Amino acid sequence: MAMSSYPVARGLILGIETSCDETAVAVVKDGAIALSSIIRSQQVHAEFGGVVPELAGREHERRILHVVKQAISKAGLDMHRPNIEAIAVTIGPGLAGALMVGVAAAKGLSLAWGVPLVGVNHLEGHLFAVRLEQDPISYPAVMLLVSGGHTMLVLVQKPGRYRVVGQSLDDAAGEAFDKVARFLGLSYPGGPEIEREAEFGDPASVRFPRPLRDGSLDFSFSGLKTAVVTYAKRHPEAEVADLAASFQEAVVDVLTEKTLNAAKDFGVKCIALAGGVGANTRLRAVLTKKANDLDIAACIPSRLNCTDNGAMIAAAGAWRLENFGPSDRSIAAMPSLRLEESI
């Protein structure tokens, strides 16, 4: 699948991502080739069943320089004179304290190395993750961006031209995975735990509801979460594996159906997946098969590129640097930044 040609910076870009609980740094060449990508997930939140913002900020502060050094070293560069063109850093959306650590580190390195800064929207970063693949995306495309904090359908005419055509009205899909996992006695993060448990269950054992099947492209997972909890309380004999498999199947059905409906509604022949929930094996398989059945190309990033990572921020930063130039060094964390504000 040929990718439309849009100019990107041709040097090396360092990408820093600290929007939530991953401390991630990467070096990317030509806006598409990851020379290194280091991701350090925080385990400290597991006992709380979710991310604790204050702890996340502290963990980022403790790790950030070490992860930068690892990324620089793996890319074969010198930490003191790394010969990079710019530093791209996530400025939002995300946890305020976590974002501030990444932005502060980027500013310090920018001054030390004498290179410009590029502020990147975390959501736009996810949209650029597909450009890191050997089989890149073609535009226009409908992108399903699905994570712990966001579930949305984005019509991407080309880089920089985005239209959110559907989004979650309550819980994001990843948030629903975490909450259901916690209720079922599984550990955090819930997505991988639900997926592992579902391997041993029957996805047809319980027919949980598929919310908003009314032609809408919006999502709602709060009611589905409640349905799982209610069923489990009424049927204490139910196997956790069956509940996990049935819940996962309901989520996958909804995400797949709405993504393909959006593609048909807008006459798009390419769909793409982004965000941490995009690492789910069942979602990847079903979305690919059903898209192919409709003669719609599916661009499914590697699992590494689905999760929060510095390479996607560097890829987006390379494009922004080439098309809009560097950001002002006064850039600050913007926890509530919307995708539309990147346009």
- Query: Limited to the stretch 125-148, what total is found for residues that are more than 13 Å from Thr259 (Cα to Cα), surrounded by 20 or more Cβ atoms within 10 Å (Cβ to Cβ) and in contact with a helix residue (DSSP H, G or I) (Cβ under 7 Å, 6 or more places away or on another chain)?
  - Reply: 9
- Item | Within the stretch 155-197, tally of residues that are in a helix (DSSP H, G or I) and under 17 Å from the mean Cα position of the chain (by Cα) | 9
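Results for (1) outside the structural domain of Gly166 (by TED's automatic domain parsing); (2) on the phi > 0 side of the Ramachandran plot; (3) of a type in the set (Phe, Trp, Tyr), shown as yes or no for each residue.
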site	(1), (2), (3)
Ala227	no, no, no
Tyr231	no, no, yes
Val240	no, no, no
Ser246	no, no, no
Lys258	no, no, no
Ala274	no, no, no
Ile296	no, no, no
Asn309	yes, no, no
- Message: Given the criterion surrounded by 15 or more Cβ atoms within 10 Å (Cβ to Cβ), among the small types (Gly, Ala, Ser) and assigned to a helix (DSSP H, G or I), identify the matching residue among Ala71, Ala88.
- Response: Ala71
- Note on the structure: When the stretch 229-249 is checked residue by residue, the ones that are of a type outside the set (Phe, Trp, Tyr) and under 16 Å from Glu193 (Cα atoms) are Glu239, Val240, Ala241, Asp242, Leu243, Ala244, Ala245, Ser246, Gln248, Glu249
- For Ser330, work out the one condition from (1) within 22 Å of Ala24 (Cβ to Cβ); (2) out of contact with any strand residue (DSSP E or B) (no Cβ under 9 Å at 6 or more places or on another chain); (3) small (Gly, Ala, Ser) it doesn't fulfil. (1)
- Check on Leu217, in a helix (DSSP H, G or I) and not small (Gly, Ala, Ser): no
- Note on the structure: Residue hits (the stretch 102-158; under 23 Å from Leu321 (Cβ atoms) and among the β-branched types (Val, Ile, Thr)) are Val103, Val115, Val118, Val120, Val130, Ile137, Val154, Val156
- Task: For the stretch 327-340, indicate whether the set of residues that are within 18 Å of Ala32 (Cβ to Cβ) and within 14 Å of the chain's Cα centre (by Cα) is non-empty.
- Result: no
- Task: All but one of (1) part of a loop (DSSP other than H, G, I, E, B); (2) aromatic (Phe, Trp, Tyr); (3) within 28 Å of Gly125 (Cα to Cα) hold for Phe200, so report the exception by its number.
- Result: (3)
- Message: Need pairs with beta-carbon distance below 7 Å; first residue at pLDDT 90 or above and within the stretch 34-49, second surrounded by fewer than 18 Cβ atoms within 10 Å (Cβ to Cβ) and among the hydrophobic types (A, V, I, L, M, F, W, C); sequence gap 6+ or separate chains.
- Response: Ser37/Leu304
- Query: Limited to the stretch 76-128, what total is found for residues that are touching an Asp or Glu at 6+ places or on another chain (Cβ under 9 Å) and among the aromatic types (Phe, Trp, Tyr)?
  - Reply: 0
- In this structure, does Arg10 turn out to be surrounded by fewer than 23 Cβ atoms within 10 Å (Cβ to Cβ), over 30 Å from Val180 (Cα atoms) and at pLDDT 95 or above? no
- Item | Residues of the stretch 242-293 satisfying the condition of being outside any helix (DSSP H, G or I) and under 20 Å from the mean Cα position of the chain (by Cα) | Cys270, Ile271, Ala272, Leu273, Ala274, Gly275, Asn280
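The values are calculated or read from the model by the stated rules, or taken from the named source; none is laboratory data. Bear in mind the structure is a predicted one, so any value in this text is a computation, not a measurement. All Cβ positions, even for glycine, are placed from backbone atoms using ideal geometry, and neighbour counts span all protein chains on display.
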